[in-house]
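Peer 1: Take a look at the following structure, please.
The values are calculated or read from the model by the stated rules, or taken from the named source; none is laboratory data. Note that the structure is predicted; figures quoted are calculated from it, not measured. Cβ atoms come from the backbone with ideal geometry, glycine included; neighbour counts cover every protein chain shown. Heads up: the accessible areas ignore ligands, DNA and RNA and are worked out on the full protein's heavy atoms, side chains in. Shrake-Rupley method; radii C 1.70, N 1.55, O 1.52, S 1.80 Å.
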Amino acid sequence: MVEEDPLTVKVDHLKEKPYNKDDDVIKATSFEVISTLREVLRTSSLWKDHVQTYTQHIGDFNYPRLADFGAAISGANKLLCQEVLEELDVYKRLKLTLELVKKEMEISKLQQSIAKAIEEKISGDQRRYLLNEQLKAIKKELGLETDDKTALSAKFRERIESKKDKCPPHVLQVIEEELTKLQLLEASSSEFNVTRNYLDWLTVLPWGNYSDENFDVHHAQKILDEDHYGLSDVKERILEFIAVGKLRGTSQGKIICLSGPPGVGKTSIGRSIACALNRQFYRFSVGGLADVAEIKGHRRTYVGAMPGKMVQCLKSVGTANPLVLIDEIDKLGRGHSGDPASALLELLDPEQNVNFLDHYLDVPIDLSKVLFVCTANVIEMIPNPLLDRMEIIAIAGYITDEKMHIARDYLEKNTREACGIKPEQVEVTDAALLALIENYCREAGVRNLQKQIEKIYRKIALQLVRQGVSNEPDQEALSVTANEETSSGDGAAAKDEILKDSAAEDASVTNNIINPASEEANEVNLANEAVVHEGHTTEAPKEDSVSERKDTDGAKEGAGDKAIEKVVVDSSNLGDFVGKPVFQAERIYEQTPVGVVMGLAWTAMGGSTLYIETRRVEEGEGKGALVLTGQLGDVMKESAQIAQTVGRAILLEKEPDNQFFANSKLHLHVPAGATPKDGPSAGCTMITSMLSLAMGKPVKKDLAMTGEVTLTGRILPIGGVKEKTIAARRSAIKTLVFPSANKRDFDELASNVKEGLEVHFVDTYSEIYDLAFQSDSGTETS
């Protein structure tokens with residue numbers, strides 16, 4: 001640079017070093033450059049344009065310009081071209097150019113081979129597919145990307161690598177064989193997709209992966225008690241399972257079946273058990289299941305084949321020792337594609353499920369660590385071979401005291417939160433809950449009780465909203481600027497506290513509670529409000545309501561807040577929320593008349609009491625006969641025939657001159673004629689009813705009985721002891737008669753179920769006769 005303004009520079013033109021034009025080495029090198037350029041020009045039409053442009057402007061041809069031309073059209077990077085440009089030695093410059101042109105020729109040959117390989121593989125009219133294949137081939141040559149099969153194999157190998165130590169050898173062998181098979185298959189073939197899906201299932205299963213179990217008995221007891229009230233049999237069995245696992249250091253799988261009426265908590269306790277054991281939880285219902293493939297899987301030869309539920313379960317939970325809840329196992333179907341109950345035999349057999357074979361996987365799976373919990377309403381519907389594999393735990397249902405605890409501690413709390421109601425805004429008294437249970441929700445479970453409580457709280461929510469209550473955040477506080485959010489939030493919280501204190505203070509002072517379901521309210525803001533004064537409903541004067549509303553409006557305008565009266569639900573206004581009582585008193589007679597005796601029955605919904613009524617229709621010499629009504633089943637009709645025979649024999653023994661049965665046409669009826677009834681346990685009740693009519697004596701007050709009777713007067717055992725005892729308590733029965741063989745069943749009942757009952761266990765009907773008509777002598781009393 002000579003000077004900057006204007007820019008002036010001194011230029012030295014570089015000249016090549018002198019060289020001998022006749023030098024054989026330079027000639028040979030230049031000829032090789034020309035020869036290589038010709039080969040490249042034959043393969044690439046693009047370079048022909050470069051040559052034509054060069055020949056028009058090149059002028060005299062010489063060796064340095066040949067070197068520059070070769071480097072210029074070689075396509076090499078700038079540094080290599082600059083290196084050629086800076087070389088002043090002609091021989092060295094030709095040598096550098098020759099290297100660049102040779103590289104270009106190799107690239108051209110590689111391009112030709114790639115194009116040729118692709119053209120042989122696919123047809124020429126698939127242009128788009130051709131371009132994609134060329135791109136893949138180029139990337140593969142450069143090592144930038146692998147093909148689909150290699151990537152799939154790498155993914156499957158990576159999955160199984162972490163499980164190699166725990167995975168059974170026969171499974172690893174199958175996986176290796178399938179991976180080898182995958183590499184030989186074309187990606188477009190149907191077999192490729194089948195193999196890929198098969199490998200996907202095989203590698204995703206948790207082979208040998210077990211969750212760490214919690215063997216703390218006290219922790220498990222706490223969790224079970226928090227979620228469920230009662231169910232002592234189930235909880236005790238789970239604690240035994242944990243205790244055995246703690247002593248052994250490991251736990252084995254078990255098959256437990258919880259049986260009982262709907263709504264007693266069979267399904268919901270499964271999740272609590274899983275939480276107590278620290279196991280993963282999986283539930284599937286088999287109600288109405290008619291396809292064996294749902295249990296055992298489809299064979300891979302079918303299109304869209306899938307594994308069975310157990311394999312899907314293991315994939316979902318990710319551990320090999322989950323808790324699996326099989327719901328509604330007594331409602332299994334049976335279709336044209338097999339019997340699922342028979343397929344469950346292998347799954348629920350501890351001796352067989354160590355090597356459970358799924359049709360899809362076709363390799364044995366170890367299910368011995370899985371804890372199976374099944375639920376059923378009626379175990380008689382379960383096939384005997386399947387029932388034999390399960391440990392039955394019967395859940396009879398809840399008595400009134402237990403329902404009170406459940407409603408107060410669980411159902412009411414959850415429903416209140418679900419409805420967005422605060423505890424200080426509502427009060428449901430114990431008397432209301434008791435009336436709700438006894439008059440609306442007599443079934444063994446608590447599902448209907450939950451529905452009724454939800455109904456009450458929905459009506460309360462509507463009443464609170466109509467009064468102007470809103471538990472949402474203040475809208476004004478949500479619209480403030482970012483700088484004022486903190487202070488405004490504190491002010492809203494303080495305002496909310498003032499409202500709560502005001503409402504609590506007002507509720508403690510006044511006894512006037514607003515009835516939330518008053519039928520007297522009209523469209524003009526509930527002008528005629530019904531208020532409750534110490535349990536008595538009266539209608540407030542219209543003028544007072546108007547003045548009260550005016551005062552309230554004034555207070556609202558002045559202070560901006562309104563103290564809301566607490567809504568109280570009592571037995572006196574319960575009907576306003578849930579309507580008329582569904583159940584009437586089962587006990588029709590305070591003192592049963594002659595010919596009427598109370599019996600005890602078992603139903604799928606729990607226990608109930610029923611009356612056996614006998615009346616004489618016609619009297620005359622040799623007119624002895626028996627008419628039966630009440631929609632009785634065949635077994636119950638036979639029991640009535642047996643009862644007549646046994647009653648006739650006993651009457652002949654007690655009163656030989658009494659010809660009642662020989663000369664009387666009797667009509668025996670069991671009330672609730674729309675309800676089908678069957679079973680043998682009403683035998684002793686029918687005999688007592690007939691003898692009461694024959695002798696003209698009513699039976700002992702507050703007495704109920706159950707038991708099957710034989711022709712010789714023996715009393716055989718019956719089922720449903722707990723349900724029948726609960727039904728007797730509900731009807732305020734004080735004296736019960738059970739067969740002696742059921743004494744152990746009764747002794748196992750909880751103390752609160754047996755409390756206050758006088759129970760007699762008998763072997764023969766003579767003992768019942770003495771108890772019902774004379775005295776308690778000769779009977780065992782608890």
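Peer 1: Within segment 630-650, which residues are more than 14 Å from L666 (Cβ to Cβ) and of a type in the set (S, T, N, Q)?
Peer 2: Correct list: Q631, S639.
Peer 1: Suppose we keep only residues that are touching a Leu at 6+ places or on another chain (Cβ under 7 Å) and of a type in the set (A, V, I, L, M) within segment 637-671. Which one would you say is farthest from F738 (Cα to Cα)?
Peer 2: Across segment 637-671, the extreme among qualifying residues is L666.
Peer 1: While we're on this one: Any residue in segment 340-368 that is over 17 Å from Q252 (Cβ atoms) sitting within a Cβ distance under 8 Å of a residue that is of a type in the set (G, A, S) and open to solvent by less than 10 Å² (accessible area, probe 1.4 Å)? List the pairs, counting only those 6 or more apart or interchain.
Peer 2: Listed pairs, sorted by first residue: D358/G297; D358/G308; H359/G297; H359/G308; Y360/G297; Y360/G308; L361/G297.
Peer 1: Follow-up question, since we're still on this one. Can you pull out every residue in segment 413-436 that is over 28 Å from the mean Cα position of the chain (by Cα) and buried (at least 18 other Cβ atoms within 10 Å of the Cβ)?
Peer 2: The first filter runs over segment 413-436 and keeps only residues over 28 Å from the mean Cα position of the chain (by Cα), leaving 422-436.
Matches in segment 413-436: Q425, V426, V428, A432, L433, A435, L436.
Peer 1: Could you tell me which of the residues V51, V33, V25 is under 30 Å from A115 (Cα atoms), open to solvent by less than 80 Å² (accessible area, probe 1.4 Å) and modelled with pLDDT of 80 or more? Let's see the steps before the verdict.
Peer 2: On the way: V51 fails: modelled with pLDDT of 80 or more; V25 fails: under 30 Å from A115 (Cα atoms).
On inspection, the qualifying residue turns out to be V33.
Peer 1: Let me ask you something else. Would a scan of segment 337-354 turn up a residue that is of a type in the set (S, T, Y), part of a helix (DSSP H, G or I), open to solvent by 20 Å² or more (accessible area, probe 1.4 Å) and at pLDDT below 85? Write out each step before concluding.
Peer 2: Taking segment 337-354 and keeping what is of a type in the set (S, T, Y), we get 337, 342.
The next check asks that each one be part of a helix (DSSP H, G or I); those that pass are 342.
Then drop every residue that is not open to solvent by 20 Å² or more (accessible area, probe 1.4 Å), which leaves 342.
If we keep only those that are at pLDDT below 85 too, we end up with 342.
Yes.
Peer 1: Identify the single condition in (1) of a type outside the set (A, V, I, L, M); (2) closer than 30 Å to Y229 by Cβ; (3) within 22 Å of the chain's Cα centre (by Cα); (4) assigned to a loop (DSSP other than H, G, I, E, B) that Y410 does not satisfy, given that it satisfies every other one.
Peer 2: (4)
Peer 1: Listed residues L135, L199, L179; which is open to solvent by 60 Å² or more (accessible area, probe 1.4 Å) and either at pLDDT 80 or above or assigned to a helix (DSSP H, G or I) (or both)? Spell out the reasoning first.
Peer 2: Values: L199 fails: open to solvent by 60 Å² or more (accessible area, probe 1.4 Å); L179 fails: open to solvent by 60 Å² or more (accessible area, probe 1.4 Å).
When all the criteria are applied, what remains is L135.
Peer 1: May I ask you to list the residues in segment 428-447 that are touching a Lys or Arg at 6+ places or on another chain (Cβ under 9 Å), assigned to a helix (DSSP H, G or I) and closer than 19 Å to H228 by Cα?
Peer 2: Those that are touching a Lys or Arg at 6+ places or on another chain (Cβ under 9 Å), assigned to a helix (DSSP H, G or I) and closer than 19 Å to H228 by Cα: L433, I437.
Peer 1: Which condition number does L711 fail, the rest of (1) surrounded by 15 or more Cβ atoms within 10 Å (Cβ to Cβ); (2) assigned to a loop (DSSP other than H, G, I, E, B) being met?
Peer 2: Here L711 clears every test but (1).
Peer 1: Looking at (1) within 25 Å of the chain's Cα centre (by Cα); (2) open to solvent by less than 10 Å² (accessible area, probe 1.4 Å); (3) more than 19 Å from K266 (Cα to Cα), which is the only condition E454 fails?
Peer 2: (2)
Peer 1: Mind checking whether some residue in segment 232-239 is in contact with a strand residue (DSSP E or B) (Cβ under 7 Å, 6 or more places away or on another chain), among the basic types (K, R) and either open to solvent by 50 Å² or more (accessible area, probe 1.4 Å) or within 30 Å of M404 (Cβ to Cβ) (or both)?
Peer 2: Yes: one or more hits.
Peer 1: Step by step: first the residues of segment 714-761, then only those that are among the β-branched types (V, I, T) and at pLDDT below 85, then the one that is surrounded by the fewest Cβ atoms within 10 Å (Cβ to Cβ). Which residue is that? Show your work before the answer.
Peer 2: Pass one, segment 714-761, residues among the β-branched types (V, I, T): 715, 718, 721, 725-726, 733, 735, 737, 753, 759.
From what's left, at pLDDT below 85: 726, 753.
Values: I726: 24, V753: 17.
Filtering first and then ranking leaves V753.
Rundown of residues vs (1) part of a helix (DSSP H, G or I); (2) out of contact with any Ser or Thr (no Cβ under 6 Å at 6 or more places or on another chain); (3) under 17 Å from T764 (Cα atoms), yes/no style:
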residue: R616; (1), (2), (3): no, no, no
residue: E621; (1), (2), (3): no, yes, no
residue: L626; (1), (2), (3): no, yes, no
residue: Q641; (1), (2), (3): yes, yes, no
residue: T645; (1), (2), (3): yes, yes, yes
residue: I650; (1), (2), (3): yes, yes, yes
residue: D657; (1), (2), (3): no, yes, no
residue: F661; (1), (2), (3): yes, yes, no
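Peer 1: Of the residues that sit in segment 663-672 and are in a strand (DSSP E or B) and within 19 Å of G633 (Cβ to Cβ), which one is least open to solvent (accessible area, probe 1.4 Å)? Outline the logic, then answer.
Peer 2: First, the residues of segment 663-672 that are in a strand (DSSP E or B): 664-669.
The next check asks that each one be within 19 Å of G633 (Cβ to Cβ); those that pass are 667-669.
Values: H667: 63, L668: 0, H669: 56 Å².
So, considering only residues that are in a strand (DSSP E or B) and within 19 Å of G633 (Cβ to Cβ), the one least open to solvent (accessible area, probe 1.4 Å) is L668.
Peer 1: I'd like to verify a number: residues in segment 723-746 that are part of a helix (DSSP H, G or I) and farther than 17 Å from Y398 by Cα, how many?
Peer 2: Step one: of segment 723-746, the residues part of a helix (DSSP H, G or I) are 723-730, 740-746.
Still in the list and also farther than 17 Å from Y398 by Cα: 740-744.
The total comes to 5.
Peer 1: Please indicate, with yes or no, whether at least one residue in segment 87-108 is open to solvent by less than 20 Å² (accessible area, probe 1.4 Å), under 20 Å from D23 (Cβ atoms), in contact with a Leu (Cβ under 9 Å, 6 or more places away or on another chain) and among the charged types (D, E, K, R).
Peer 2: yes
Peer 1: Under the condition of being of a type in the set (G, A, S) and farther than 30 Å from Y410 by Cα, which residue from segment 242-270 is most open to solvent (accessible area, probe 1.4 Å)?
Peer 2: First pass over segment 242-270, keeping only residues of a type in the set (G, A, S): 243, 245, 249, 251, 253, 259-260, 263, 265, 268, 270.
Then drop every residue that is not farther than 30 Å from Y410 by Cα, which leaves 245, 249, 251, 253.
Numbers: G245: 1, G249: 58, S251: 7, G253: 14 Å².
Among those residues, the one meeting the criterion is G249.
Peer 1: For the condition open to solvent by 40 Å² or more (accessible area, probe 1.4 Å) and within 23 Å of the chain's Cα centre (by Cα), what is the one hit in M310, M381, M306, M390?
Peer 2: Values: M310 fails: open to solvent by 40 Å² or more (accessible area, probe 1.4 Å); M381 fails: within 23 Å of the chain's Cα centre (by Cα); M390 fails: open to solvent by 40 Å² or more (accessible area, probe 1.4 Å).
After applying the criteria, what remains is M306.
Peer 1: Further question on the same structure: List the residue pairs whose Cβ atoms are under 7 Å apart, where the first residue sits in segment 406-417 and is farther than 17 Å from T429 by Cβ, the second is surrounded by 13 or more Cβ atoms within 10 Å (Cβ to Cβ), and the two are 6 or more positions apart or on different chains.
Peer 2: From residues that are farther than 17 Å from T429 by Cβ, the pairs are Y410/Y229.
Peer 1: A further question on this structure: With the structure loaded, tell me whether V635 is open to solvent by 30 Å² or more (accessible area, probe 1.4 Å) and assigned to a strand (DSSP E or B) or whether it fails that test. Break it down into steps so the answer makes sense when it comes.
Peer 2: Working: open to solvent by 30 Å² or more (accessible area, probe 1.4 Å): yes; assigned to a strand (DSSP E or B): no.
Judged against the criteria, V635 is not a match.
Peer 1: Working carefully through the options D227, D216, find the one that is surrounded by fewer than 19 Cβ atoms within 10 Å (Cβ to Cβ) and within 21 Å of the chain's Cα centre (by Cα). Quick ask: steps written out before the conclusion?
Peer 2: Details: D216 fails: within 21 Å of the chain's Cα centre (by Cα).
On inspection, the qualifying residue turns out to be D227.
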